[in-house]
1. Based only on Cα atoms, what mean projected area does the convex hull of segment 47-88 have, in nm²?
2. Taking 35 Å as R0, compute the FRET efficiency from the Cβ-Cβ separation of Trp36 and Leu82 and round it to 0.05.
Amino acid sequence: MTRAGIDYRFPTDRQPAYLSLIKGELPIQKFRFVKWYNEKYFVPGTFRPVLHTIAVVMTIGYFIDYHYHLKYLQHSRKLKHLQEKYSDAPAEH
C-alpha cells in the first residue's frame with residue numbers, strides 16, 4: 001500500500017477516498033426533518049441514530065411477524081374446525 005513513503009489509501013489531506021465521492025446535497029437532505037435530525041444527532045456524533053435504527057428494524061420485524069402469526073393462527077383454527085366437523089380425519093399437530 002505504500003510506495004516510496006506515500007500512502008495511497010488516503011489523499012494528501014488525509015481524508016478517506018469515499019468522502020471525495022460525495023459532492024453536493026442529496027435530494028433527501030433537503031427535507032426539514034432530515035436537516036433537523038442531522039444537526040441534532042449526527043453532527044454532535046451521538047449514538048442515538050444506532051438505537052433509532054435498531055428500534056425501527058425491530059418494529060418493522062414485529063409487524064411482519066405479527067401479520068404472519070395471525071395468518072397461521074387463523075389457519076390452525078380452520079384446521080381444528082374441519083377436524084371437529086370430520087371426526088374420522090386424523091388429528092395433525
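1. On the way: hull surface 11.9 nm².
Its Cα hull, projected and averaged over all orientations, spans 3.0 nm².
2. On the way: r = 55 Å, r/R0 = 1.57.
That gives a FRET efficiency of 0.05.
We did not get these values from a lab; they are worked out from the coordinates using the rules stated. Please read these numbers as outputs of a predicted model, since none were measured by experiment. We place every Cβ from the backbone using ideal geometry, glycine too, and count neighbours over all the protein chains shown.
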